[in-house]
1. Send over the per residue convex hull volume for the chain, Cα only, as a whole number of Å³.
2. Under 19 Å Cα to Cα from residue 244, which aspartates and glutamates show up? Leave out anything in the same chain fewer than 8 places away.
3. For residue 354, what charge total do you get from the other residues with a beta carbon under 10 Å from its beta carbon, if Lys and Arg give +1 and Asp and Glu give -1?
4. Would you mind ranking 162, 249, 213 so that the residue whose beta carbon has the fewest other beta carbons within 10 Å leads the list?
5. Tally Lys/Arg at +1 and Asp/Glu at -1 over every other residue whose Cβ is under 14 Å from the Cβ of residue 219; what's the total?
6. Based only on other Cβ atoms within 10 Å, what is the fewest-to-most ordering of 342, 94?
7. Figure the gain on full extension for residue 315 and residue 62 (residue separation times 0.36 nm, minus the Cα-Cα span) and round it to one decimal in nm.
8. Return an integer: the convex hull volume of the alpha-carbon atoms of region 40-270, in Å³ per residue.
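Bear in mind these aren't lab numbers, they're just calculated from the coordinates by the rules spelled out. Just so it is clear, the structure is predicted and the values come from calculations on it, not from any experiment. In this analysis, Cβ positions are derived from the backbone assuming ideal geometry, glycine residues included, and neighbour counts consider all displayed protein chains.
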Amino acid sequence: MRRLRLIVALLCGGLALGMVVPAAAEPATSVGYPASATATRFTGLAFDTCTAPTVAQMAAWKASPYKAVGIYFGGVNRGCTQPQLTGSWVSSVTRMGWRLIPIYMGYQAPCTTRANAVKMTTPSAATQGTSQAADAVAKAAAIGLLPGSAIYGDMEHYNATDATCRATVLRYLSSWTKELHRRGYISAVYAHRDSGARHLAEVYNSTAYARPDAVWIAFWDRNSALTGWPAISDRYWAVGQRAKQYRGDHNETYGGETLNIDNDRFDAPVASVWYTYTVRTTIYSYSGPSTAYPRRATIARNAGIRIVCQTYGPKIGTTTVWNKLIDGTYVTDYYVRTPNKTGYSAPIPGCSYPYQTTIDNLSRRRGPGTSYSAYPGLLPIGSLAWVTCQRAGSTVGTTAVWDRLTDGSWVTDYYVANPSNTTYSAPIRRC
């Protein structure tokens with residue numbers, strides 16, 4: 001990769017520090033998260049069904065082992081009507097604790113096995129991937145899915161032996177990824193294990209294609225394992241980047257409600273939404289999670305606020321938790337009517353911003369510098385670094401910035417594909 005070649009030259013004295021630039025092209029493209037963004041990682045069992053269930057059905061299915069649901073929210077090939085799928089529905093079911101898996105069924109492969117599909121064309125695949133991603137973002141935002149959400153482009157099974165078709169699909173999905181990233185969303189792909197997913201794995205390290213952040217494979221063998229996939233290395237999409245649809249259409253009943261579903265297992269990014277709560281007294285919002293940051297607004301007693309995620313800051317009252325609002329400002333959780341006054345309040349996620357790593361076997365440390373002891377486990381190339389905050393540490397390459405990950409480990413920012421390779425990257429907070 002370009003960055004690796006540059007740092008080798010630097011160590012040999014061939015380049016000045018200022019000439020080293022971050023990896024901005026394929027395969028690891030950066031994500032331009034806006035102030036309102038956060039990512040949400042879901043680990044556990046999920047289901048998907050063609051038409052979104054009613055709010056009452058989702059309430060009944062709280063008795064099930066599933067904690068997330070796939071929703072077909074858009075795309076020219078979406079097959080079912082969605083009378084329930086509105087912003088109000090999204091708000092109601094996420095307040096119950098459900099995580100949402102957004103599925104966009106756009107153009108299909110020229111050699112798709114799906115009958116009556118609207119197909120991409122070989123000459124226009126790249127521009128079609130871009131336009132479909134733009135439409136997906138618009139439709140996601142319309143129902144309240146925030147930047148930082150993963151959007152799963154549905155690429156149904158196709159003839160894996162057709163070389164022209166393969167290249168067309170890869171160009172389409174590369175453009176899909178780059179446009180989602182440009183607009184602040186996480187790129188993900190749903191594909192059959194033996195066609196789209198296998199082809200994405202074959203070009204995992206290719207500089208010709210942008211790599212999606214997560215893959216969700218379809219293979220109905222009733223084995224829910226997220227590793228050991230044939231033709232897809234366990235080192236690919238290795239850190240909260242995998243899902244599997246392991247059983248197809250069948251009926252299940254919970255709480256007296258029967259639905260026709262597919263079974264899924266996830267450890268991957270899903271949708272992010274806001275959660276509305278009221279404040280107990282008049283408070284201020286700040287530009288960061290501390291009263292040391294500049295004040296941004298006064299919020300009146302009993303006013304509603306839209307919380308997108310929670311993080312830590314100086315202790316106020318009984319808690320060190322601070323709430324990030326949809327405008328990117330922060331308020332102490334102590335004066336907000338969330339359930340927990342000492343820690344995070346489910347289902348609000350912790351604030352995190354995933355970016356792909358750009359070298360193989362990236363070391364993690366127990367602090368922000370190379371002098372700290374190693375944290376167990378190396379990150380394979382293309383892994384998601386789930387960044388919670390940044391601070392200065394020892395210099396690596398062109399930057400002294402280090403990223404704290406959700407597991408408490410630290411990595412140098414130099415090998416993380418966020419917007420800057422020399423300084424901090426908004427909207428990540430300072431540690």
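1. Convex hull volume per residue, Cα atoms: 147 Å³.
2. 48, 154, 156, 194, 202, 213, 221, 234, 252, 262, 264, 267
3. 0
4. Arranged by neighbour count, lowest to highest, 162, 249, 213 become 249, 162, 213.
5. +2
6. By the 10 Å Cβ count, ascending: 342, 94.
7. Value of the extension gain: 87.7 nm.
8. Dividing the Cα hull volume of region 40-270 by its residue count gives 110 Å³.
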